[in-house]
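What follows is calculated from the coordinates using simple rules that are stated; it is not laboratory data. Please read all numbers here as calculations on a predicted model, not as lab measurements. Here the Cβ positions follow ideal geometry from the backbone for every residue, glycine too, while neighbour counts run over all protein chains shown.
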C-alpha cells in the first residue's frame, strides 16, 4: 500500500553554497539539483522523469529512494489504484506527448 505525503520544501533547507556546489558537481539543471538535495535532507523518495537526474539521484540517495514515471505507474497498479490497462494507457499518453520511455506492453505493468 502506498503511504506518504506531498509537501513544499522550506526555502531555508538548502544553502545557496550547497546548491551551487551540487549543481556544478552533478551537472544538472537547477530544479533537478534542488530536488535531489531536498530528498537527501528530508530522507524522502524522489520522483523524477529525467534520466540523468535519476542516475545522479540513485548515487546520492540509493536505488530504493528514486522513482521514474514507469515505476510510479507500477506502484499504482500494485496498490490497486490503477488497473494494468489504465497504467498502460497513461504510459502511452506520456509517450505520445513526447516522453522518452522504453517500448512496453500492458503486461509490463
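Before anything else, pin down the relative contact order of the chain: Cα pairs under 8 Å, at least 6 apart, normalised by residue count, whole percent.
About 19 percent, as a whole number.
So how tilted is helix 16-26 from the main axis of the chain? Cα-based, degrees 0 to 90, rounded to 10.
50
What are the principal axis extents of the Cα atoms in the stretch 16-67, in Å, biggest first?
Per principal axis, max minus min of the Cα coordinates gives 27, 22, 15 Å.
Show me 77-90, 25-38 ranked by packing, highest mean number of other Cβ atoms within 10 Å first.
Ranked by mean Cβ neighbours within 10 Å, highest first: 25-38, 77-90.
Nearest 10 degrees, 0 to 90: what angle lies between the long axis of helix 30-42 and the longest principal axis of the chain (Cα atoms)?
Taking Cα atoms only, the helix is inclined about 90 degrees.
Can you compute the FRET efficiency between residue 81 and residue 55 using 1/(1 + (r/R0)^6), with r the Cβ-Cβ distance and R0 = 35 Å? Round to the nearest 0.05.
My answer for the efficiency is 0.80.
Where is the GNM fluctuation largest for the chain (alpha-carbon springs, 10 angstrom cutoff): 15, 69, 55?
15
With N set to the number of residues, divide the alpha-carbon radius of gyration of the chain by 2.2 N^0.38 Å and report two decimals.
That ratio works out to 1.19.
Which FRET efficiency value, to the nearest 0.05, do you get for residue 101 and residue 11 by plugging their Cβ-Cβ distance into 1/(1 + (r/R0)^6) with R0 = 30 Å?
Calculated transfer efficiency: 0.35.
Divide by every residue of the chain the summed helix terms, -39500 (n - 2.57) for each DSSP H run of at least 4, and state the resulting mean residue ellipticity at 222 nm, rounded to the nearest 500 deg cm²/dmol.
Counting only the DSSP helices, I get -16500 deg cm²/dmol.
How do 108, 10 line up, fewest other C-beta atoms within 10 Å first?
Arranged by neighbour count, lowest to highest, 108, 10 become 10, 108.
What angle do you read, to the nearest 10 degrees and between 0 and 90, between the alpha-carbon axis of helix 51-61 and the longest principal axis of the chain?
Approximately 60 degrees, to the nearest 10.
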